[in-house]
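Heads up: the structure comes next, in structure tokens.
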Amino acid sequence: MADADVHGNGGVFLYSSRSDKPDEYDTQQFYNAALATVAGLGAAALSFRLLPPFSPAFRTRRLLVLSLRDLRRLATGSILRSPDGWEGRVYSRLSSLPDAAEPLQRSQLVAALSVGTEIIHLRRICHGFDLGSHLDAALERDSGYWGWGPHQGA
């Protein structure tokens, strides 16, 4: 099936009306599939209205934990990012912080932004001088001090 068949405003209905044999067309099957699709989309929309949103404290904690995990992975070299990619990710998390977030939590996210950007720059510099193993050893040694070492969890 071509991608163009499922895109656009009527993509779902074009998909459900599509038949492998053009001379066969089953209207009952079409209406059954269309009704199931509309009912499924309606149930999904209703579930978003019925489920309560997460509390601001939970969302803030989640954003901080995700940023710390990404910073850990950045320090251990398991992910390679450009400075723009890292900054974009952390800026989007900063803008997603709830208004109820405390200044300390915002500053922790800004610190993660600064540390992550500098780690990326250091990795690039050390790669140019073939000192990547020395940087890895230094980051591993100091990771326990900053509280984001491997012993702190993933």
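Among 131, 64, which comes first, then next, by fewest other beta-carbon atoms within 10 Å?
With the sparsest Cβ surroundings first, the list reads 131, 64.
Quick check: from the Cα gyration tensor, does region 42-138 come out rounded (a/c under 1.5), prolate or oblate?
prolate
How would 136, 130 line up from fewest to most surrounding beta-carbon atoms within 10 angstrom? Please report the intermediate quantities before stating the final value.
Numbers: 136 15, 130 8.
With the fewest neighbours first, 136, 130 line up as 130, 136.
Report the charge-dipole magnitude of region 35-93 in Debye, nearest 20, computed about the Cα centre from +1 at each Lys and Arg Cβ and -1 at each Asp and Glu Cβ. It would help to have the intermediate numbers written out before the result.
Working: 10 positive and 3 negative charges, 48 e Å.
I would put it at about 240 debye.
How about region 33-137: which chymotrypsin sites (Phe, Trp or Tyr not before Pro) there lie in a loop by DSSP and see at most 12 other Cβ atoms within 10 Å?
Loop-located and lightly packed - 54, 129.
Which order do 37, 117 fall in if you start with the one that has the fewest other Cβ atoms within 10 Å?
Listed from fewest to most nearby Cβ atoms, that is 37, 117.
In region 68-89, whose amide N lies under 16 Å from the spot 7 Å out along Cα-to-Cβ of residue 54? List them in ranges.
68-70
Taken together, the values in this text are just the output of simple stated rules run on the coordinates, not laboratory data. Being a predicted model, the structure only gives us computed values, none of them experimental. Note: ideal-geometry Cβ built from the backbone for every residue, glycine included; neighbour counts use all protein chains shown.
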